[in-house]
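Comments concern the structure below.
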Amino acid sequence: MNHLPWQEKPEGYTRPVWRYQDNPIIGRHQTPTSNSIFNSAVVPFEDGFAGVFRCDSMAISMDIYAGFSKDGIHWDINSEPIQFIGADGEILQREYRYDPRVVRIEDHYYVTWCNGYHGPTIGIAYTDDFKTFVQLENAFLPYNRNGVLFPRKIQGKYAMLSRPSGTGHNAYGDIFYSQSPDLEYWGHHRFVMGVIPTDRSAWQATKIGPGPCPIETDEGWLLIYHGVLQTCNGFVYRMGCALLDLEEPWKVKYRSRFYILAPEEMYELTGDVPNVVFPCAALTDAATGRITIYYGCADTVTGMAFTTVEELLSWVKKYPV
Ligand code: BMA
């Protein structure tokens, strides 16, 4: 396993997730035409790391780009977006692409993202080298966002979390679980969890969505997710975590009443969309339980934060909804 980017928890810090001290790690103009680079996903690859990055252009169009890094902190992001190949030209047509996730399942790296096809839905592709990407059929009918694959089959089926939605920035959204024998036909949909009334846990009262691909632990799947509250100044995006049953992941064992990270630093509070922390990737070191989270900051730049399996498990158990 490659060495994950890591910093120890600061002395006296009482919360479960702490930021990288030199955040943000990716600036808004890191490619020649980018307006912002955020909500992006990375995985260990060869002797370093590879990723798929959401770069909104200076035309404010959304697309996804491959990138590479030796240390997981300093990234070379391609200046051209990913050109997908695939069986059906209609599916390859690009309307917009954003908020990618990446996961290794068996022999391939799989990318899922919010794919414009008469409204947002979930695109899926696989790659072996982060150069050639083969796009499969969209997983669902529109409208859907935040398609997040599990890293292995569960009960013999590929498994995906997603968040059915409407066409725009809707003030609703719950998390569902879907299953597939072949990554093309998805069904057996199960409700996982929804919003929480404001009197109990207001940061997740308006909508929620799965973040990084779930992390397998002995006690269940750890899911880091985003929760949204609609305020008089717009939406505020925070991070929470939940523990899902290992064999029936639509069953929620615990869910955090308190958020695990909220917009507090200037690069999270200000930007193109203020008050957003939006996690899309988490690297885990199985031996130590260390977790490195990559998250979008104010829809403008990309940050990194740290936690451990132990920190998150004890947080959800100590402060359950
Ligand atoms: C959501 C998505 C995310 C974005 C968030 C805050 O609907 O578009 O990509 O980070 O809104 O603007």
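The values are calculated or read from the model by the stated rules, or taken from the named source; none is laboratory data. What you see is a predicted model, and the numbers here were worked out from it, not measured in a lab. Every residue, glycine among them, receives a Cβ derived from its backbone with ideal geometry; neighbour counts consider all protein chains shown.
Here segment 294-304 is the region considered, the condition is being over 14 Å from W18 (Cβ atoms) and within 11 Å of the ligand (Cβ to nearest atom), and the residue that is surrounded by the fewest Cβ atoms within 10 Å (Cβ to Cβ) is D299. Restricting segment 39-89 to residues that are within 16 Å of the ligand (Cβ to nearest atom) and outside any strand (DSSP E or B) leaves a set whose member that is surrounded by the fewest Cβ atoms within 10 Å (Cβ to Cβ) is I60. Among the residues of segment 17-38, those identified as within 16 Å of the ligand (Cβ to nearest atom) and part of a strand (DSSP E or B) are I26, S34, N35, S36, I37, F38.
Checking G173, G156, G194 one by one, the residue that is closer than 17 Å to C114 by Cβ and at pLDDT 95 or above is G173 and no other.
Listed by first and then second residue, the pairs with beta-carbon distance under 9 Å, at least 6 apart or on different chains, first residue in segment 102-117 and within 21 Å of Y143 (Cα to Cα), second among the basic types (K, R) and not in a strand (DSSP E or B), are N115/R94; G116/R94.
In this structure, is T14 modelled with pLDDT of 95 or more, crowded, with 18+ Cβ neighbours inside 10 Å, more than 16 Å from the ligand (Cβ to nearest atom) and farther than 23 Å from V103 by Cα? Criteria not met by T14. Residues that are part of a strand (DSSP E or B) and within 16 Å of the ligand (Cβ to nearest atom) were ranked within segment 187-210; the one that is nearest to the chain's Cα centre (by Cα) is P210.
Please work out which residue is surrounded by the fewest Cβ atoms within 10 Å (Cβ to Cβ), limiting yourself to segment 183-222 and to residues that are over 16 Å from E248 (Cβ atoms) and of a type in the set (K, R). Looking at residues that are over 16 Å from E248 (Cβ atoms) and of a type in the set (K, R), I get R200.
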